[in-house]
Amino acid sequence: MPVPWFLLSLALGRSPVVLSLERLVGPQDATHCSPGLSCRLWDSDILCLPGDIVPAPGPVLAPTHLQTELVLRCQKETDCDLCLRVAVHLAVHASLQAQVVLSFQAYPTARCVLLEVQVPAALVQFGQSVGSVVYDCFEAALGSEVRIWSYTQPRYEKELNHTQQLPDCRGLEVWNSIPSCWALPWLNVSADGDNVHLVLNVSEEQHFGLSLYWNQTGPQIITLNHTDLVPCLCIQVWPLEPDSVRTNICPFREDPRAHQNLWQAARLQLLTLQSWLLDAPCSLPAEAALCWRAPGGDPCQPLVPPLSWENVTVDKVLEFPLLKGHPNLCVQVNSSEKLQLQECLWADSLGPLKDDVLLLETRGPQDNRSLCALEPSGCTSLPSKASTRAARLGEYLLQDLQSGQCLQLWDDDLGALWACPMDKYIHKRWALVWLACLLFAAALSLILLLKKDHAKAAARGRAALLLYSADDSGFERLVGALASALCQLPLRVAVDLWSRRELSAQGPVAWFHAQRRQTLQEGGVVVLLFSPGAVALCSEWLQDGVSGPGAHGPHDAFRASLSCVLPDFLQGRAPGSYVGACFDRLLHPDAVPALFRTVPVFTLPSQLPDFLGALQQPRAPRSGRLQERAEQVSRALQPALDSYFHPPGTPAPGRGVGPGAGPGAGDGT
């Protein structure tokens, strides 16, 4: 009876999870077949040459189905290797004149074996299964993918194929029987504050290797520091045995500290005007967009739309469709819907932030277009009657755009971006203010040269100029009480309440400028006494830039003083020459405009010691009598405070104006 043969071929890859495996004892391969069949395994391997398909001379024995099973081949109880058992089901497609060949192929080697199978004539039924033959077994690597082919020799039909994934050490309950898996339970990661400990539970007689590596760039030995932790940092450990499997774990993928370190190490690099890249230790999902950052500390405003968010790949060059660069253009990088990185890439080459306005042009059908100016409050349409800075200068901005004075940054069919300079308008406004101050300074310098009595006052203490807004007569009495109390100290106090005749003769601006100039020349201090009325005037001036024409009333002196006080604050000259103050129950310090909070602002009388200390000469030693003097001023001031905040019979007029104001503010009433 002719002896059919068949060929089985294996290739390696990944595997599913296997819980428990049958054990085979001994190193030799073996074969067995279904009852009634006879089979044997040839002693040596053959060449893996399947050949071409040829016509069958008659009925042949052919494989019809492949089955695989994972087993362990063990030399002893704790020395096993993973092995693949293959069962080939056979059928007679004609007579028994055939050979069936088994071929094994596995990376990095290929192996083919021959099995002899004989089918008794009594079992022959055309087209029906006659049984199976089982081969034990083909050793394969842990965690590999195995591909199996089976065909006859000569090959009469298309070969069968099957793919099997083998488990790694983590998928086996019998890992302690495979030496290459012994490293699996050794490693444990624990945290101790900012430090990370790698705990290796290894027996004294066991030698092992340990490697820390970046998994996207290949193995490399590093020192594990808490600042080096990033999500893609992985650990590899293995026993120093021949062909041992290396166990890999990446324990920091979800560690918040690792993600924080990753973004701290990430950098944006500008390559050309339009191209840039994200440099980071790990690959990560992120998206980026352009934003516009204006001077003054306001948040960077994303330019989405008209531009869109773009997906970011680490170390891959990206491009934005810009025509020109601008120092106010920045790049924002988001990951997991959170802003992680922001850099103004063009600021290094183009200089610091500019006080420019970004105009967004939107184009619609039939050449319709609209313009708006990007501001912290949103995009203000132009022209507009709103009270924002861009709206007030909208006509000039449109003229600059039409005359080509604006820089075009981006353009496409849907719209465009333009950067229009604003510094010339600011310089023009402040030039008028400075011109007025200089004119007053020139006129008053002659008057000051004739006043010799002020020179004699230096010996009587530091000069202090008290500025306030006359909200009402009650507040004026309160200011007068404070000025009188301060005069009891070594201070020379100037206040318009005591200079009505000079104020009327010279005018509010001239009188204030003369007093301010003399006070600062003598090393004195200007005290800004804030009230609800003063806060309102400051806010109005900061918004409009100039006081209303033809302004009259009790606020004129304070309003006039702002024209020369504000430049000192805007140019950074105020610290050391100015202090602020407000009364506890009348105004909260947070209500004072932020520009004036660049100098100390004290609440009275609760902070009288600190206030009096600020009024001393800058280099004067701290007097041990400061607390005593504060109590003296507080006693002198208390009757005026009681009269103002608790008048007999009726509530005091003029209270309750502005934020934090009112008789009950701050005292729990």
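Any chance you could count how many residues in region 324-367 are part of a strand (DSSP E or B) and of a type in the set (Ser, Thr, Tyr)?
Final tally of qualifying residues: 2.
If you take the residues of region 175-200 that are open to solvent by 50 Å² or more (accessible area, probe 1.4 Å) and either among the charged types (D, E, K, R) or assigned to a helix (DSSP H, G or I) (or both), which of them is modelled with the lowest pLDDT?
Only one residue fits best here, namely TRP175.
Got a sec? Which of SER547, SER606, SER623 is modelled with pLDDT of 90 or more, open to solvent by 10 Å² or more (accessible area, probe 1.4 Å), among the small types (Gly, Ala, Ser) and outside any strand (DSSP E or B)?
Being modelled with pLDDT of 90 or more, open to solvent by 10 Å² or more (accessible area, probe 1.4 Å), among the small types (Gly, Ala, Ser) and outside any strand (DSSP E or B) holds for just one of SER547, SER606, SER623, which is SER606.
Residues of region 256-301 being among the charged types (D, E, K, R) and surrounded by fewer than 18 Cβ atoms within 10 Å (Cβ to Cβ), which ones?
Answer for region 256-301, where residues must be among the charged types (D, E, K, R) and surrounded by fewer than 18 Cβ atoms within 10 Å (Cβ to Cβ): ARG257, ARG267, ASP279, GLU287, ASP298.
Restricting to region 82-93, count the residues that are surrounded by fewer than 21 Cβ atoms within 10 Å (Cβ to Cβ) and within 56 Å of the chain's Cα centre (by Cα).
The qualifying residues number 1.
Considering region 557-590 alone, what residues qualify as being farther than 24 Å from ALA510 by Cα and surrounded by fewer than 19 Cβ atoms within 10 Å (Cβ to Cβ)?
Correct list: ASP584, HIS588, PRO589, ASP590.
Would region 128-151 turn up any residue that is surrounded by fewer than 18 Cβ atoms within 10 Å (Cβ to Cβ), closer than 19 Å to PRO35 by Cα and in contact (Cβ under 8 Å) with a residue 40 or more places away in the chain?
Yes, region 128-151 contains at least one residue that is surrounded by fewer than 18 Cβ atoms within 10 Å (Cβ to Cβ), closer than 19 Å to PRO35 by Cα and in contact (Cβ under 8 Å) with a residue 40 or more places away in the chain.
From ALA11, ALA87, grab the single residue that is out of contact with any helix residue (DSSP H, G or I) (no Cβ under 7 Å at 6 or more places or on another chain) and modelled with pLDDT of 80 or more.
ALA87
Would you call SER370 farther than 19 Å from LEU329 by Cβ and either part of a loop (DSSP other than H, G, I, E, B) or among the aliphatic types (A, V, I, L, M) (or both)?
No; evaluated as a whole, the condition is false for this residue.
So how many residues does region 503-530 have that are in contact with a Phe, Trp or Tyr (Cβ under 6 Å, 6 or more places away or on another chain) and either under 19 Å from ALA483 (Cβ atoms) or assigned to a loop (DSSP other than H, G, I, E, B) (or both)?
3
Of all residues being at pLDDT 85 or above and surrounded by 11 or more Cβ atoms within 10 Å (Cβ to Cβ) in region 302-317, which is nearest to CYS372 (Cα to Cα)? Just the residue, please.
Taking the candidates together, the pick is LEU303.
Name the pairs whose Cβ atoms lie under 6 Å apart, with the first residue in region 454-475 and over 19 Å from GLY576 (Cα atoms), the second outside any helix (DSSP H, G or I) and modelled with pLDDT under 85, and 6 or more positions between them or separate chains?
Between residues of region 454-475 that are over 19 Å from GLY576 (Cα atoms) and residues that are outside any helix (DSSP H, G or I) and modelled with pLDDT under 85, the close pairs are SER469/HIS555; ALA470/PRO554; ASP471/GLY654; ASP472/PRO653; ASP472/GLY654; GLY474/ALA652.
The values are calculated or read from the model by the stated rules, or taken from the named source; none is laboratory data. Here the structure is a predicted model, which means the values were calculated and not measured. Quick reminder, even Gly has a Cβ in these numbers, built from the backbone with ideal geometry, and neighbours come from all protein chains shown. All accessible areas refer to the heavy atoms of the entire protein, side chains included, with ligands and DNA or RNA removed. Shrake-Rupley method; radii C 1.70, N 1.55, O 1.52, S 1.80 Å.
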